[in-house]
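Let me begin by presenting the structure, written as structure tokens, before commenting on it.
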Amino acid sequence: MKAITKKLVLSAGLGLLVSLGALSANLVYAQAPWPFAPPTTPMAQRNAMNLVLNQVNWFQNATRTASSQSNNGYGLLTQQFQAVRDQYAGFKTTLKPQQLSLGANQLAELDAGLDIIQEAFTDYQTGMANGQSTYTALANMCRVLNQAIGVWAREFKQDCRQLRVGW
Amino acid sequence: MKTRSAIHARIRSLRNCLHWLPPAAVVAVLLGCASTGTAPKAPTPRDDFREYRQIVVLAMSLVDTAMRSLDEVSVQANRDPRPAYAAFARAVHRLEVDSIKVRAHTQAMRARGDAYFERWEKYLAGVDNEQVRQLAEQHRPELKQSFQQAQVASQQVREVFRPFLSDLQKLRAVLEADPSLLRVDAAKSLMLAAKDKGRQVQQGLDCLLAEMNSMTALLRPAGAAPRR
């Protein structure tokens, strides 16, 4: 009799454990769905904005050193430019619906600005095809990219101020 | 003995008072957080309309400079062509960099279509000047029409700008090593093509500016001096 009671208690306890486990798994899933929605807090916005600006600085540094590394220079610049694009895409996910709506024109212009800056890579290829030396074509591209991303970053900062990013 | 008990009683009463301190501090902190001084402010809408006009004017000056410097290269080819070439290369570089804003605006205008204008309308509906608000409401159809014409002109600018810049870059590459009369003569057809495209860009920018000016005129309150 005692053994039967013990078995019953054990199986009930086990059942309780299993159901609790399943319930907690459901709870965990409900709390943190995948993919994670990025936070839109002022802190998250400020961090994302600073990441974009830091990446712009890295890219500008790369434009200063790339002309001396003729072989790797182009690849390095494309990588760094793609990183700017990625950080900017991440930044946009931290904006609130009101900021996205009010700044829709500005964001579209920033998107277009990056597309236009990217054309400098095509110009480099065209320059080479037109008989320009690798060194000159790369130097031209570096100068254009350095200043163009500077113009873009100024617009980005101004738009962030207007949209109260991180406030 | 009496004094001691009095002191104990005072300490007890003081402790009772101190019990209120932590909740009071929490309330004070919360009140401080809710003050208007640190409350997040709403985003300010951008004066798209005025900014775009300024960008168009800047782009016109850039294109004009590039066209003049191209003329100067052919004029100076039989004398000392180097300074003229250097000025031309500088103008092309400035065009590559400083035209980004106008190109980005025209591209965004095309990508967003009517939604781009709706943002302008919303901005105008919220400006402080009541007269401007009323004028914007009153001239809504004319403003919309001007915007549509500006869109067409910006499309023209967008389509011709890239080939124009590409021609200028080609010329810069061709003449870089030797901008002599012989080379300039050999690149004559490319120069003419670049100038033709440049004129089309100028026409497109002229149309854009005309539309922006007519929009400005529609929104100018009676008696207000025209803004330069």
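The values are calculated or read from the model by the stated rules, or taken from the named source; none is laboratory data. Given the structure is predicted, the values throughout are model-derived calculations rather than measurements. Reconstructed Cβ throughout: ideal geometry from the backbone, glycine too, with neighbour counts over all protein chains shown.
Kindly indicate whether any position in the range B:182-198 is in contact with a Phe, Trp or Tyr (Cβ under 7 Å, 6 or more places away or on another chain), crowded, with 18+ Cβ neighbours inside 10 Å, assigned to a helix (DSSP H, G or I) and away from chain A (no Cβ under 14 Å). Scanning the range B:182-198, I find at least one residue that is in contact with a Phe, Trp or Tyr (Cβ under 7 Å, 6 or more places away or on another chain), crowded, with 18+ Cβ neighbours inside 10 Å, assigned to a helix (DSSP H, G or I) and away from chain A (no Cβ under 14 Å), so the answer is yes.
Checked against (1) among the basic types (Lys, Arg); (2) touching a Lys or Arg at 6+ places or on another chain (Cβ under 9 Å); (3) farther than 21 Å from residue B:103 by Cα, residue B:162 passes all but condition (3).
Residue by residue, here is whether (1) touching a helix residue (DSSP H, G or I) at 6+ places or on another chain (Cβ under 9 Å); (2) under 30 Å from residue B:187 (Cα atoms); (3) not assigned by TED's automatic domain parsing to the domain that holds residue B:55 holds:
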{"site": "B:72", "(1), (2), (3)": "yes, yes, no"}
{"site": "B:76", "(1), (2), (3)": "yes, yes, no"}
{"site": "B:86", "(1), (2), (3)": "no, yes, no"}
{"site": "B:96", "(1), (2), (3)": "yes, yes, no"}
{"site": "B:105", "(1), (2), (3)": "yes, no, no"}
{"site": "B:115", "(1), (2), (3)": "yes, no, no"}
{"site": "B:123", "(1), (2), (3)": "yes, no, no"}
{"site": "B:136", "(1), (2), (3)": "yes, no, no"}
{"site": "B:142", "(1), (2), (3)": "yes, no, no"}
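Restricting to the range A:131-167, name every residue that is part of a loop (DSSP other than H, G, I, E, B) and either among the β-branched types (Val, Ile, Thr) or surrounded by fewer than 17 Cβ atoms within 10 Å (Cβ to Cβ) (or both). The answer is A:131, A:133, A:165, A:167. Considering each residue of the range A:89-102 in turn, none proves to be touching a Phe, Trp or Tyr at 6+ places or on another chain (Cβ under 8 Å) and either of a type in the set (Phe, Trp, Tyr) or within 12 Å of chain B (Cβ to nearest Cβ) (or both).
Pairing each residue of the range A:59-87 that is part of a loop (DSSP other than H, G, I, E, B) with any residue that is small (Gly, Ala, Ser), provided the two are 6+ apart or on different chains, yields C-beta distances under 9 Å for A:67/A:73; A:67/A:139. Does the range A:118-146 hold any residues that are touching a helix residue (DSSP H, G or I) at 6+ places or on another chain (Cβ under 6 Å), closer than 15 Å to residue A:63 by Cα and at the interface with chain B (Cβ under 7 Å from one of its Cβ atoms), and which are they? Correct list: A:144 only. For residue A:127, indicate whether it is modelled with pLDDT under 90, surrounded by 17 or more Cβ atoms within 10 Å (Cβ to Cβ) and part of a helix (DSSP H, G or I). When the stated conditions are applied, residue A:127 passes them.
I need the full set of residues from the range B:117-149 which are within 14 Å of chain A (Cβ to nearest Cβ), assigned to a helix (DSSP H, G or I) and in contact (Cβ under 8 Å) with a residue 60 or more places away in the chain, in order please. Passing the criteria: B:119, B:120, B:122, B:123, B:124, B:147. With respect to the conditions (1) part of a loop (DSSP other than H, G, I, E, B); (2) more than 15 Å from residue B:172 (Cβ to Cβ), residue A:112 falls short on a single one, namely (1).
Residue under question is residue B:52, and the condition is that it be surrounded by 21 or more Cβ atoms within 10 Å (Cβ to Cβ) and under 16 Å from residue B:170 (Cα atoms); does it hold? So residue B:52 does not fit the description; no.
So for the range B:160-172 (the condition being more than 14 Å from every other protein chain (Cβ to nearest Cβ) and over 22 Å from residue A:151 (Cα atoms)), does at least one residue qualify? Taking every residue of the range B:160-172 in turn, at least one turns out to be more than 14 Å from every other protein chain (Cβ to nearest Cβ) and over 22 Å from residue A:151 (Cα atoms).
Every condition in (1) over 19 Å from residue A:54 (Cβ atoms); (2) surrounded by 21 or more Cβ atoms within 10 Å (Cβ to Cβ); (3) without any contact (Cβ under 8 Å) to a residue 40 or more places away in the chain is met by residue A:117 except one, and the failing one is (1). Among the residues making up the range A:88-109, those that are out of contact with any Ser or Thr (no Cβ under 9 Å at 6 or more places or on another chain) and buried (at least 20 other Cβ atoms within 10 Å of the Cβ) are A:88, A:91, A:103, A:105, A:106, A:107, A:108, A:109. None of A:163, A:110, A:102, A:95 is over 20 Å from residue A:60 (Cα atoms) and at pLDDT 95 or above except A:95.
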